[in-house]
Amino acid sequence: MTATQFPSLRTNSVVLRKRVLALLREYGDRKLVVLQAPAGFGKTTLLRQYCDLCSALGGRVAWARMDVRAADPSQFIRTFVEAAGALVDHVGDSSAERPFLSIDEVGQMLQGVKAPAVIVVDNFEVAAGGALESIFGQIIRLLPNGVQLCVGSRVIPTSRLSRMLIEEISVVLSEQDLRFTHSETVEFFREYSWLTASQIQLLHERTDGWPAALQCFRLRLQRNHSHQAMIGPGEGITPELIDFLASEVFEGLDDALQQLLLKLGLPEKLSSELVQHITGIEDGAGCLAEIERKGLFLTPVDLERKWYRFHNLFRHVLLARARSIESTGDIQKRHLQIANWYVSRDMREEAIPHFIEAGDVAAAASVLNDVIERLIADERLGLAQQYIQQIPLATMLKYESLLPSAIITYGFRRVFEKANRLLDEGFRLYQGNARVRADLNYAKLFVLAAQDSIEDMGAAALSAMDELSPRDGHKYAVVCNARAMFLVGHSRHDEARDLLLRARPLHDKDDHRFGQAYQEAIFGMVLSEQGRVGDALRSLSSALQRTGGDMAGSLTAGSVIAAYLAEALYEQNRISDAEALIHDYRQLAEDQAIVDPLAVMLLTMARIAHLRGDEGEAEEVLERMLYLGYRHSFQRLVCYAKAEFVRLATLSGDADKAERRFREFDPENESVLREELMFHAAENEARSITEARYLIQTGRHAAARNLLQAKLREARSKRRRRREMKLTLMLALSYHAEGQVVSARRTCLEALRLGGEQEFIRSFLDEKHQALRLLKDLRISLRQTPGEQDGDSMSAYVDRLLKEAGEAPLSQPAGEERAVIPAELVERLTARERVLLGHVARGMSNKELAERLAVSSNTVKYHLRNIFDKLQIHNRVQAVRVARQLGLLD
């Protein structure tokens, strides 16, 4: 694009960045454009010019600037939707009135955006983090054609960006792209005609085109025409020099303007009304416009120019200067003034940090007490924790609502020491207050669940059920969830299901999506453990859709559903679908999910990597699992990771590594494996399966079968059909490996029958060549023994397993494909042989034929060989076809 192709743009900038704007226009078809550079490279200014350009060319634009609150994914979504929603002509519910928003709602909203459109997310780095990465990736996928997301950030917004670059979905403009060119530097200083070309060249080289540094020099020129003092000695620009230059800029201002800026530097953002409140100036909008006109690093943070902010570099200078010349008391008074203004405008969350800076922790606690339940419901736990940890314990204990909410926050953020301390202090202080104690016991359930103290949680839930009733709505439902989780661990599935069904309408009535999501996840566990993987998959899919869709769902609890759903998809060999879910939800689960879904998520991820042959990635995932287990004292997580290391080595055929890892696993002395509790993540691997597989691979079949048969009796008694199926398969593999072919086939058929309507795929195929050999042998046997109970369905199941494994269909034995036996061959049969053929076709065994014909079994075999030789066939399946051809089955 040439300069003449640019429409006339309204801009307050000294330099129109035509070169970079042309680049952005060139990448107009990319869904994601990232301006990534350190502070001071003009990202916000360039994005604003790009928005002006797009508007001038007929496009629509939206602007979202992130602040510290956006570090919680739910707040990021809210901020994004509030901005992008302005591009939708007809919006149903106002996002401002919703308790929280979901990814599906974002998708629905984006579908209403008419192209071409640009959505800007500025200051992204304050929101960046692992939990947000999955949300960000989903948003990019949801963007309609012609709608572009532009991000200004000091950090790369997603580790998956490299894949997007390869797929030409995104493009990154780095600091090298954002630096001023020499010609732009010349234009930037064009009003200073007394500067020579060599002096401008020196300025450009000294700053290396860094816009913030050039602006500092430009402001110094406004008060000092001494270019020698301006340029000075030395080479290069550092952040320290920028601080110095910004301080120099401040020193060059008149006293009145300095005092004004010191007052305005305290809030993170400014509006005209807030300016008027802080300063007493009647024209707040005019004041902001004048500061912006003077180039004092003030920029609007929205397209409506309602809110402004100072650049972080300059605000840092203002705050440091204020602290150096003003008393702590004076600064606190001004923070208090700002906090009270926010409260008067019902912007209570914004008031909290200013109350804290003012030293008024009682006021901060009072406001936090009003908003913390909403913060938790919105899953903005990071912000809630940030505020809570600045409130002294003695102050917090005075607020009955704040105390349980703080306990829940610390619990799910895995700050267990503080959570338990608050519990102890709360129970001590409120011994005689039954209502507060009930709330504390309710909060305690979250801590125990997060600590993986399931036995204690089950007992606490039972007690809490006596203190609460269905009239308490979602709180009682959460207690039902907790008790149901305990019951599932003890294989008391019917009792668990009853509690979950009682909880569901209570969650719905209170619109408590966090509790509802956990309830659905536990219900899916029940279905899966009973061998109903297909039903579990459908239930979990529906639950995830509701959690992320019209039920305005819970992000973290949605990750719990996603963990079990991903595992179900993996089991049915839908690897890509499982992998997509893991990519979207893994970090959310890792940050805040309880142990079992976290383990399920990571184990499934490791198994997918192993399946792809990427042992390095598989081991990295398991090492991460060990790290989290040790860091948070999750013994179950450590045990499961050790078991999976054994599994990987055993299935890979690395005997030495398997032996070493099995010693580290040490199942005989692992306390987790001895407890009665058994959960989804372990029932089909760490609990006995790992050990049995290792024993089979090392040839200790008697020991393996003793272990498997004992665990089979237990699984049957507890109606854990999924576990029973896997144990039965392992028993069949042991028989087959030892050459007991008949027992192996019979036991494998039992495993297939337990698999139901072809529910289980990977449970068989993950055992690799041992399972494939057994399945092929069984398939041949089923062909040769027509009349086997469920023979057709079992053959179909085996065929599907072999197909899913990528195996070619088994070839037909010679002659089987021949539908009609030549007449000359049929005529060779005697009348007695025709009768015998008819009996064979009806499925009679050799022994039954011998009894019916009053001959020995050897005689029957002799006659059958003669019949097969005369007809040139090889098995009973072909014999049935000949019998039908002769009309012997009528």
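Which pairs turn up if I take residues in region 582-609 that are surrounded by fewer than 24 Cβ atoms within 10 Å (Cβ to Cβ) and look for partners that are at pLDDT below 90 and not in a helix (DSSP H, G or I) with beta carbon separation below 9 Å, at least 6 apart in sequence or on another chain?
Hits for this filter: HIS583/ARG160; GLN587/GLY129; ASP591/GLY129; GLN592/GLU379.
Among the residues of region 468-478, is there at least one that is within 24 Å of the chain's Cα centre (by Cα) and of a type outside the set (Phe, Trp, Tyr)?
yes
Test ARG687 against the stated conditions and say whether it is assigned to a loop (DSSP other than H, G, I, E, B), among the basic types (Lys, Arg) and within 26 Å of GLU804 (Cβ to Cβ).
Yes; evaluated as a whole, the condition is true for this residue.
Working carefully through the options LEU402, LEU381, find the one that is in contact (Cβ under 8 Å) with a residue 40 or more places away in the chain and within 27 Å of ALA70 (Cβ to Cβ).
LEU381
For LEU336, all conditions in the list (1) assigned by TED's automatic domain parsing to the domain that holds PRO211; (2) under 30 Å from VAL371 (Cα atoms); (3) touching a residue at least 12 places away in the same chain (Cβ under 8 Å) hold save one; what is the number of the exception?
(1)
Residue-wise test of (1) of a type in the set (Lys, Arg); (2) free of Cβ contacts under 8 Å to residues at least 60 places away in the same chain; (3) within 16 Å of LEU581 (Cα to Cα); (4) surrounded by 19 or more Cβ atoms within 10 Å (Cβ to Cβ).
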residue: ASP466; (1), (2), (3), (4): no, yes, no, no
residue: LEU501; (1), (2), (3), (4): no, yes, no, no
residue: PHE514; (1), (2), (3), (4): no, no, no, yes
residue: SER539; (1), (2), (3), (4): no, yes, yes, yes
residue: TYR564; (1), (2), (3), (4): no, no, yes, yes
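Pull up region 787-805, narrow it to residues that are in a helix (DSSP H, G or I) and of a type in the set (S, T, N, Q), then point me to the one that is modelled with the highest pLDDT.
Looking at the filtered set, the residue picked out is SER795.
Return the total of residues in region 423-451 being without any contact (Cβ under 8 Å) to a residue 40 or more places away in the chain and within 20 Å of SER633 (Cα to Cα).
Looking only at that region, the number is 5.
In region 250-262, is there at least one residue being closer than 30 Å to ALA84 by Cβ and at pLDDT 85 or above?
Taking every residue of region 250-262 in turn, none turns out to be closer than 30 Å to ALA84 by Cβ and at pLDDT 85 or above.
Checking the structure you have, find out if any residue of region 488-497 is surrounded by 22 or more Cβ atoms within 10 Å (Cβ to Cβ), within 22 Å of HIS680 (Cα to Cα) and without any contact (Cβ under 8 Å) to a residue 40 or more places away in the chain.
Checked against the condition, which is being surrounded by 22 or more Cβ atoms within 10 Å (Cβ to Cβ), within 22 Å of HIS680 (Cα to Cα) and without any contact (Cβ under 8 Å) to a residue 40 or more places away in the chain, region 488-497 yields at least one hit.
Residues in region 216-237: is at least one assigned to a loop (DSSP other than H, G, I, E, B), modelled with pLDDT of 75 or more and under 45 Å from the mean Cα position of the chain (by Cα)?
Checked region 216-237: no residue is assigned to a loop (DSSP other than H, G, I, E, B), modelled with pLDDT of 75 or more and under 45 Å from the mean Cα position of the chain (by Cα).
For GLY432, only one of the following conditions fails: (1) surrounded by fewer than 21 Cβ atoms within 10 Å (Cβ to Cβ); (2) part of a helix (DSSP H, G or I). What is its number?
It is condition (2) that GLY432 fails.
Scanning region 743-769 for residues that are more than 30 Å from the chain's Cα centre (by Cα) and assigned to a loop (DSSP other than H, G, I, E, B), which turns out surrounded by the fewest Cβ atoms within 10 Å (Cβ to Cβ)?
For region 743-769, the residue satisfying everything is GLU757.
Please find, within region 71-106, the residue that is modelled with the lowest pLDDT out of those that are buried (at least 16 other Cβ atoms within 10 Å of the Cβ) and assigned to a loop (DSSP other than H, G, I, E, B).
This residue is PHE100.
Output the number of residues of region 180-204 satisfying the condition of being assigned to a loop (DSSP other than H, G, I, E, B), under 26 Å from LEU21 (Cα atoms) and among the small types (Gly, Ala, Ser).
0
I'm trying to understand the selection: among the residues of region 275-305, which are assigned to a loop (DSSP other than H, G, I, E, B) and either loosely packed, with under 14 Cβ neighbours inside 10 Å or out of contact with any strand residue (DSSP E or B) (no Cβ under 6 Å at 6 or more places or on another chain) (or both)?
GLY280, ILE281, GLU282, ASP283, LYS294, GLY295, LEU296, GLU304, ARG305
What's the number of the condition GLY534 fails, among (1) touching a residue at least 24 places away in the same chain (Cβ under 8 Å); (2) in contact with a helix residue (DSSP H, G or I) (Cβ under 8 Å, 6 or more places away or on another chain)?
With respect to (1) touching a residue at least 24 places away in the same chain (Cβ under 8 Å); (2) in contact with a helix residue (DSSP H, G or I) (Cβ under 8 Å, 6 or more places away or on another chain), GLY534 is out only on (2).
Within region 717-733, can one find any residue that is touching an Asp or Glu at 6+ places or on another chain (Cβ under 8 Å), surrounded by fewer than 20 Cβ atoms within 10 Å (Cβ to Cβ), within 25 Å of GLU668 (Cβ to Cβ) and of a type in the set (Lys, Arg)?
No, region 717-733 has no match at all.
Those residues that are closer than 21 Å to LEU214 by Cα and surrounded by fewer than 24 Cβ atoms within 10 Å (Cβ to Cβ), I need them from region 29-40; list them, please.
Selection gives GLN36, ALA37, PRO38, ALA39.
Only one of (1) assigned to a loop (DSSP other than H, G, I, E, B); (2) more than 26 Å from the chain's Cα centre (by Cα); (3) among the acidic types (Asp, Glu) fails for GLU379. Which number is that?
Result: GLU379 passes all but (2).
Find all pairs meeting these conditions: Cβ atoms under 6 angstrom apart; at least six residues apart or on different chains; first residue within region 825-849 and surrounded by 13 or more Cβ atoms within 10 Å (Cβ to Cβ); second residue of a type in the set (A, V, I, L, M) and part of a loop (DSSP other than H, G, I, E, B).
The qualifying pairs are GLY838/LEU888; ALA841/LEU889.
Return the residue satisfying two criteria in turn: it lies in region 552-571 and is in a helix (DSSP H, G or I) and modelled with pLDDT under 90, and of such residues it is farthest from GLN138 (Cα to Cα).
Per the criteria, the residue is ALA557.
The values are calculated or read from the model by the stated rules, or taken from the named source; none is laboratory data. Since the structure is predicted, the reported quantities are computational estimates derived from the model, not experimental observations. Ideal geometry is used to build each Cβ from the backbone, glycine not excepted, and the neighbour counts take in all protein chains shown.
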